[in-house]
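*Asks:* Below is a structure I'd like to ask you about.
The values are calculated or read from the model by the stated rules, or taken from the named source; none is laboratory data. What you see is a predicted model; the values in this text were computed from it and never measured. Methodologically, a virtual Cβ is constructed for each residue, glycine included, from the backbone with ideal geometry; neighbour enumeration extends over all protein chains shown.
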Amino acid sequence: MIPVFNRQDYIGPAIESVLSQTYTNFELIVHDDASTDRSFSVILQYHDPRLRIIHTNKNHGMLGGWNYLLKKARGEYVKQMGSDDLLRPDCIAKEVKALQDNPGFALVTCQRVVISESGKQVNTFQFSDHTEIVSGLSHAHWILTDLRENKIGEPCATMFRRSVIAHAGMFDPQFSQFADFEYWIRILQFGDLLYLHDPLCSFRMHPGSNTTKAIRDGRFISEIYRLISKYYKDPNFVKTFSLTSTDYHHVLRQKTLDTFKNIKDLLFHAEFSQSTRYFSRLIRALTIGSWQRKV
């Protein structure tokens, strides 16, 4: 499923990468969410019985769009991707097989290639240097006590069972940059994680991408403190993920020091406006948050 808003230059290749999959038993839902450019016209150029096109006149916002599509899903497995991302032809086949062969897996992910606006490879992100199975609860605990790296990756890298939505719920609208990261944590309550050490997808970075915008405006700072608050103040999450008071104080201190380091680095490179935004985000997060954890 692909949500689209003003991606006329990228949505065509994204659709083609899905329709070219070696695994053919799927439904591709493409939702044009009130685009104001030529995105919808580009989408309408594609004709395939597996393609289901939806157009809405009112924009849902990023998270609203993701949740809108989750409600439309009809297949046994769910794979999401950005409208500027790409899948390798064998991506769906390998991830479906992993879930079919292993009913205890809640989530499968893969190595991913980072590409530029023009499609040039600029980096590779990975969970590990080999294919491995990881306990869902153990990895969720590691995430919540570290919060420095999204090793699972972006939606284009992952696949999960549609049945888990009834238990994990929808994407949390209070997050943007960390929306997928936070959702993976909830999914991992219900099974293990499989990482395939194979670059099955490409994640595009460009000036208009959500990741680039989040780095520029510092929204990730606000969101990381919201995430800490959500999981360490909810007794059910504390119990499920075996979180302790020591974990809480450690991660809170660590993220505050990490943010100060980011600000220091920006000042060193004379990025004064961005450093001011980061500092304002940090002070606001620490002031607004009631950092008294319920035990």
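*Asks:* Are any residues in the stretch 14-37 β-branched (Val, Ile, Thr) and assigned to a strand (DSSP E or B), and if so, which ones?
*Replies:* Narrowing the stretch 14-37 to residues β-branched (Val, Ile, Thr): 15, 18, 22, 24, 29-30, 36.
Those that are β-branched (Val, Ile, Thr) and assigned to a strand (DSSP E or B): Ile29, Val30.
*Asks:* Only one of Ser229, Ser222, Ser202 is closer than 30 Å to Ile2 by Cβ, surrounded by 14 or more Cβ atoms within 10 Å (Cβ to Cβ), outside the structural domain of Gln126 (by TED's automatic domain parsing) and under 22 Å from the mean Cα position of the chain (by Cα). Can you tell me which?
*Replies:* Details: Ser229 fails: closer than 30 Å to Ile2 by Cβ; Ser202 fails: outside the structural domain of Gln126 (by TED's automatic domain parsing).
The match here is Ser222.
*Asks:* What pairs can you find where one residue is in the stretch 116-134 and acidic (Asp, Glu), the other is exposed (fewer than 11 other Cβ atoms within 10 Å of the Cβ), and their Cβ atoms are less than 9 Å apart, with a gap of 6+ or different chains?
*Replies:* Correct list of pairs: Glu117/Pro207.
*Asks:* Farther than 24 Å from Arg112 by Cβ, in contact with a His (Cβ under 9 Å, 6 or more places away or on another chain) and at pLDDT below 95: which single residue out of Arg293, Arg277 fits that description?
*Replies:* Details: Arg277 fails: in contact with a His (Cβ under 9 Å, 6 or more places away or on another chain).
Unique residue meeting the criteria: Arg293.
*Asks:* Arg253 fails exactly one of the following numbered conditions: (1) surrounded by 14 or more Cβ atoms within 10 Å (Cβ to Cβ); (2) at negative phi; (3) under 25 Å from the mean Cα position of the chain (by Cα). What is the number of that condition?
*Replies:* That leaves (1) as the condition not met.
*Asks:* Specify which of the listed residues (Gly82, Gly119) is out of contact with any strand residue (DSSP E or B) (no Cβ under 6 Å at 6 or more places or on another chain), closer than 24 Å to Ile185 by Cβ and assigned to a loop (DSSP other than H, G, I, E, B).
*Replies:* Gly82
*Asks:* Considering only the stretch 265-280, state which residues are assigned to a helix (DSSP H, G or I) and surrounded by fewer than 17 Cβ atoms within 10 Å (Cβ to Cβ). Give the steps one after another, and end with the answer.
*Replies:* First, the residues of the stretch 265-280 that are assigned to a helix (DSSP H, G or I): 265-268, 272-280.
Asp265, Leu267, Phe268, Phe272, Ser273, Thr276, Ser280 - these are the residues of the stretch 265-280 that are assigned to a helix (DSSP H, G or I) and surrounded by fewer than 17 Cβ atoms within 10 Å (Cβ to Cβ).
*Asks:* When the stretch 158-194 is examined, which residues are found to be at pLDDT 95 or above, outside any helix (DSSP H, G or I) and either basic (Lys, Arg) or closer than 22 Å to Leu87 by Cα (or both)?
*Replies:* Once the filter is applied, which keeps residues that are at pLDDT 95 or above, outside any helix (DSSP H, G or I) and either basic (Lys, Arg) or closer than 22 Å to Leu87 by Cα (or both), the stretch 158-194 yields Thr158, Met159, Phe160, Arg161, Leu193, Leu194.
*Asks:* Among the numbered conditions (1) of a type outside the set (Phe, Trp, Tyr); (2) farther than 27 Å from Thr212 by Cβ; (3) out of contact with any Cys (no Cβ under 8 Å at 6 or more places or on another chain), tell me where Lys94 comes up short.
*Replies:* Against the list (1) of a type outside the set (Phe, Trp, Tyr); (2) farther than 27 Å from Thr212 by Cβ; (3) out of contact with any Cys (no Cβ under 8 Å at 6 or more places or on another chain), Lys94 comes up short only on (3).
*Asks:* Ok, one more. In the stretch 1-41, which residues are among the hydroxyl-bearing types (Ser, Thr, Tyr) and surrounded by fewer than 18 Cβ atoms within 10 Å (Cβ to Cβ)? Let's see the steps before the verdict.
*Replies:* Quick first cut of the stretch 1-41, residues among the hydroxyl-bearing types (Ser, Thr, Tyr) only: 10, 17, 20, 22-24, 35-36, 39, 41.
Result: Ser20, Thr22, Tyr23, Thr24, Thr36, Ser41.
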